[in-house]
Structure formats: C-alpha cells, structure tokens
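Worksheet: one structure, shown below.
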Amino acid sequence: MIRLALIGVAILLILIGLIILPTPIPFGAAIFLLAGCALLISVSDTAARRIRRARLEHPRLNAVFASVEKRLPGAFGRAIRRTSP
C-alpha cells in the first residue's frame, strides 16, 4: 500500500514538473522532475531499469542526470546514481 502511494506521489511530481516546464522560468520544473524520478527509482526496479536504458541511449539525458546527481542530497543522489550506465 505504501509502495503504491509513493509511486503515485512520484508520478504526481513528474506531472507537475512537466506542466511547469513550458513556463518562462522553468527552474522549479527540474526540481519536481528530478525529485519524482529519484522517488520512482527508489521504489520501482522497473523504473530504474528504464531510466538506465534511456541514459544509455540518450547522451544528453545522461549528461543532465550526471551533472545533477552530484548536487542532490542523500537519498535522492543515491537513487539517481543507481541508474548510472
């Protein structure tokens, strides 16, 4: 039950980030997107595999994740590093 709730929160964070993305100053979007991805990765092995595969196939996406994973605190940074190719 808790796992499903965390997946729901992660998806909600990602959706909020995508909605905010086209605004003139999308800095908040990156925070929501990365927090949602980190939460989803920590809860779902399938999501972690898919994000790892996407990072392998898209070098620009991997560069974004690599630059951010060093600056994220604690569990968020560890979750993103878990998908490092």
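Would you pick out the residues in segment 44-62 that are under 14 Å from A79 (Cβ atoms) and either in contact with a His (Cβ under 9 Å, 6 or more places away or on another chain) or not in a helix (DSSP H, G or I) (or both)?
S44
Looking only at segment 3-43, count every residue that is without any contact (Cβ under 8 Å) to a residue 40 or more places away in the chain and either of a type in the set (K, R) or surrounded by fewer than 17 Cβ atoms within 10 Å (Cβ to Cβ) (or both) and tell me the total.
Of the residues in segment 3-43, 21 are without any contact (Cβ under 8 Å) to a residue 40 or more places away in the chain and either of a type in the set (K, R) or surrounded by fewer than 17 Cβ atoms within 10 Å (Cβ to Cβ) (or both).
Do you know which of the residues in segment 63-76 that are not aliphatic (A, V, I, L, M) and not in a helix (DSSP H, G or I) is nearest to I2 (Cα to Cα)?
Here the answer is P73.
Being out of contact with any Leu (no Cβ under 9 Å at 6 or more places or on another chain) and assigned to a helix (DSSP H, G or I) is the filter here, so list the residues in segment 1-19 that pass it.
I2, R3, L4, A5, G8, L12, L15, I19
Would you check which residues across segment 26-53 are β-branched (V, I, T) and farther than 22 Å from A63 by Cβ and list them?
Result: V43, T46.
Pull out all pairs, ordered by first then second residue, where Cβ-Cβ is under 8 Å, the residues are six or more apart or on different chains, the first lies in segment 58-85 and is within 10 Å of A38 (Cα to Cα), and the second is buried (at least 17 other Cβ atoms within 10 Å of the Cβ) and of a type in the set (D, E).
Sorted first by the residue in segment 58-85, then by its partner, the pairs are G77/E69; I80/E69; R81/E69.
Within the bounds of segment 49-70, is there any residue that is buried (at least 18 other Cβ atoms within 10 Å of the Cβ), over 20 Å from S84 (Cβ atoms) and within 11 Å of the chain's Cα centre (by Cα)?
no
Values in this text are rule-based calculations from the coordinates and carry no lab data. Worth saying up front: this structure is predicted, and the values here are computed from it rather than measured. Glycine gets a Cβ as well: all are built from the backbone with ideal geometry, and neighbour counts include every protein chain shown.
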